[in-house]
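Every read-out reported here was derived from the displayed coordinates using simple, explicitly stated rules and does not represent laboratory data. Computed from a predicted model, the values in this text were never measured in an experiment. Here the Cβ positions follow ideal geometry from the backbone for every residue, glycine too, while neighbour counts run over all protein chains shown.
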Amino acid sequence: MGMEYGVRIKNGAIAPDRKQEQVIMDKLYSRLAIVLNHDPDYRIKYDQGKLAILQDDEKWPDVMNTYIDEASGGELAGIIGGERYLYIISYTGSALAVRWFAAIDEVMSELVPGSVREEL
């Protein structure tokens, strides 16, 4: 089981288009690759707009998954159906994950001012 987080990627009344979403994901990939560069136990995979931090464990290789998608409804408090969110699913609470989240938060506050990561 993992912890799920969401970051609304709308700045005020301005919703990013697909090109801006790609910029967000590219920047996240670059920043996380730098953080992971110093740890040989983890690697990053970036494919079709989805990021995954992986480890060499056949039973559970994914440590974190990140992608942008549209919220399907208001089942969760604070989630607005139809809005686009950066979703983060983390399967670890390690000290290294704290660095990953710090990198994600930095990128999001730079590209989407006022964005806040919330536990879902």
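Which value does Rg/Rh take for the chain over its C-alpha atoms, Rh per Kirkwood? Don't skip to the end; give the middle numbers.
Values: Rg = 14.1 Å, Rh = 14.7 Å.
We get a ratio of 0.96 for the chain.
Report, in listed order, any pair from Lys10/Lys59; Lys10/Lys50; Lys27/Lys59 with a Cα-Cα distance greater than 26 Å. It would help to have the intermediate numbers written out before the result.
Details: Lys10/Lys59 36 Å; Lys10/Lys50 19 Å; Lys27/Lys59 29 Å.
From Lys10/Lys59; Lys10/Lys50; Lys27/Lys59, over 26 Å: Lys10/Lys59; Lys27/Lys59.
Order the peptides 100-107, 40-47 from the highest to the lowest mean number of other Cβ atoms within 10 Å of their residues. Write out the running numbers ahead of the final one.
Working: 100-107: 17.9, 40-47: 13.8.
Per-residue Cβ counts within 10 Å, averaged per peptide and sorted highest first, yield 100-107, 40-47.
What is the helix-to-structure angle for 95-111, meaning the angle in degrees between its Cα long axis and the longest Cα principal axis of the chain, kept from 0 to 90 and rounded to the nearest 10?
30
Could you tell me how many degrees, from 0 to 90 and to the nearest 10, lie between the Cα long axis of helix 18-36 and the main elongation axis, the longest principal axis, of the Cα atoms of the chain?
With rounding to tens, the tilt is 30 degrees.
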